[in-house]
1. Quick one: putting +1 on the C-beta of Lys and Arg, -1 on the C-beta of Asp and Glu, what dipole do you get for region 47-167 around its Cα centre, in Debye to the nearest 20?
2. Report the residue, chosen from Glu90, Glu47, Glu100, that carries the largest GNM mean-square fluctuation when the chain is represented by alpha-carbon nodes joined by springs under 10 Å.
3. Report, to the nearest 10°, how far helix 182-201 tilts away from the longest principal axis of the Cα atoms in the chain, using its own Cα long axis and a range of 0 to 90°.
4. Rounding to the nearest 10 and keeping the result within 0 to 90°, find how far the Cα-based axis of helix 120-132 lies from the longest principal axis of the chain.
5. Would you mind checking the radius of gyration and Dmax of region 41-154 based on alpha-carbon positions, in Å?
6. So how tilted is helix 205-215 from the main axis of the chain? Cα-based, degrees 0 to 90, rounded to 10.
7. Pick out, from Gly131, Pro105, Met92, the residue whose Cα sits farthest towards the positive end of the charge dipole of the chain, with +1 on the Cβ of Lys and Arg and -1 on the Cβ of Asp and Glu.
8. Just from its helices, what would the mean residue ellipticity at 222 nm be for the chain, if runs of 4 or more DSSP H residues each count -39500 (n - 2.57) and the sum is divided by every residue, rounded to the nearest 500 deg cm²/dmol?
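FYI, it's all coordinate maths here, none of it is from the lab. Quick caveat, the model's predicted, so the values are computed rather than measured. When we count neighbours, we look across all protein chains shown, and the Cβ atoms used for this are built from the backbone with ideal geometry, even at glycine.
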Amino acid sequence: RDKLVTGVQTCALPISYNLGSGRGALLPIDQAVAVATANDAARQDLERRLMAVLQSQAPAVAKEYACRKLAVIGSAESVPALAALLTQSEPMYLARLALEAITAPEAGRALRDSLPRLSGLDKAGAIQSLGMRRDAESVPALAALLADSDARVAGAAAAALGNIGDAPAARALQQFQPKAPEAVRNIVADALLACAEAMVGSGKKTEAQAIYKALAGSEQPKHVKLAATRGMLLGAQK
């Protein structure tokens, strides 16, 4: 074990790794990550060295590789280095996924704080990551984005609220649904179905049944009415 930890501490990091470089230089790092997941001291050392790659002038490909590894071993300590990449086009996607994977609350806060600085697909991606994290603290920000003029952002916000699935998320979707534009109307309905399903799973059957009943109305698309009716029947049996 001591020998493996020493290998983690001495393996060369991919500062100069770029397109066309062989993957041979990355194998020791892949092995180091595997060791680091079972040894906290080794993990902390490797995390700091991967952070140094992000903060260096390394090529974007090298930074993307570091982001992939921080998604596995990263902690709150690496959040600032990852968050700094969220407004940079090339490594942004993988930095976002690393923040999505890191369970520390600081990672969720970094994604929330990035929203005003992002636009288009980048903003929609950050919203998606908040939904995947089921980040309840982001509900107010996501509710405000339901009315965004960019349908990609508004749709991502609705889907994220559905993934979060708590009572505040459901209320935000219900309040927005009557005025939802056609481009996101079905996404909002599907998100409400997801909220109702989550509420059934958490024992809040009364709240879930109220959502299902509203979605079973005649003004809803056929697939939504069928799903809501099925949800009412299954929920009543649980």
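1. So the dipole magnitude of region 47-167 works out to roughly 280 debye.
2. The residue with the greatest mean-square fluctuation here is Glu90.
3. 90 degrees
4. Helix 120-132 sits at roughly 80 degrees to that axis.
5. Looking at region 41-154, its Cα Rg and Dmax stand at 14.0, 47 Å.
6. In the chain, helix 205-215 runs at an angle near 70 degrees to the longest axis.
7. Checking the options against the dipole of the chain, the answer is Gly131.
8. -21000 deg cm²/dmol
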